[in-house]
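One structure is given here, and the rest of the page talks about it.
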Ligand SMILES: Nc1ncnc2c1ncn2[C@@H]1O[C@H](COP(=O)(O)OP(=O)(O)O)[C@@H](O)[C@H]1O
Ligand SMILES: [Mg+2]
């Protein structure tokens, strides 16, 4: 295969086609969370997704992460259909998701332990603690650190498996603007260093413009793409 063919093959890392996801709510009503959603993401791209509350953003990330299944449509990650959680995909959840009973160090290692790769990668934990600027806090528990530090730990826990795609669900939503700026810069630094594809859900337009190559704006429910904006760098 020529170099050109290879680049065509590997340029798209994520391809989402005609995705539909419907829920039945507590009253038995049908809720169309995503309707005919289509998106293609390039390898190494930083894409933000913006939309009003309840428009299906978390639903979208859960489907990409293989934590949920669509009624119809297809999700292709790195050429393969997504049917279950894949190790190429890291996930930083909307709400604080650290294990409260584990230290910073053990929370980050939990990402590895879950995949039974802890022994070979022990040194990586220290490297990631350094990378997110939490040296000295290895033995702290989540309640002993700030919200911003906790989010950085969550990001490190996702990154330590070396994902090719990192899904971030409003990770800065609950943080003050200084902490937010600090984590934004950290994310950019990690993105450049690790050449990861980033998919960030945010409700902060300035944040999306600052971080992204492209911004996907979703319509209110049922979630579809209203428009896609290319951000000049
Ligand atoms: N497990 C579920 N059961 C029923 N309805 C759900 C469930 N998860 C999400 N929904 C509904 O689907 C819609 C989209 O939800 P979500 O993806 O969480 O939106 P967003 O993250 O954009 O705020 C909302 O109306 C929500 O109430
Ligand atoms: Mg959400």
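Among the residues of region 161-206, those identified as in a strand (DSSP E or B) and within 16 Å of ligand 1 (Cβ to nearest atom) are 167, 168, 169, 199, 200, 201. None of 44, 56, 73 is in the same structural domain as residue 167 (by TED's automatic domain parsing), within 16 Å of ligand 2 (Cβ to nearest atom) and in contact (Cβ under 8 Å) with a residue 24 or more places away in the chain except 56. Filter region 159-176 down to the residues that are modelled with pLDDT under 90 and in contact with a helix residue (DSSP H, G or I) (Cβ under 7 Å, 6 or more places away or on another chain) and list them by number. Within region 159-176, 159, 160, 161, 171, 172, 174, 175 qualify. Looking only at region 84-108, residues that are more than 11 Å from residue 161 (Cβ to Cβ), touching a helix residue (DSSP H, G or I) at 6+ places or on another chain (Cβ under 8 Å) and modelled with pLDDT of 90 or more come to 8 in all.
Beta carbons closer than 8 Å, at least 6 apart along the sequence or on distinct chains, pair a first residue in region 23-38 that is more than 20 Å from residue 224 (Cβ to Cβ) with a second that is away from ligand 2 (no atom under 16 Å from the Cβ) and in a strand (DSSP E or B) for 24/30.
The values are calculated or read from the model by the stated rules, or taken from the named source; none is laboratory data. Keep in mind that what you see is a predicted model, and the values were worked out from it rather than measured. With ideal geometry, Cβ positions are generated from the backbone for all residues, glycine too; neighbour counts draw on all protein chains shown.
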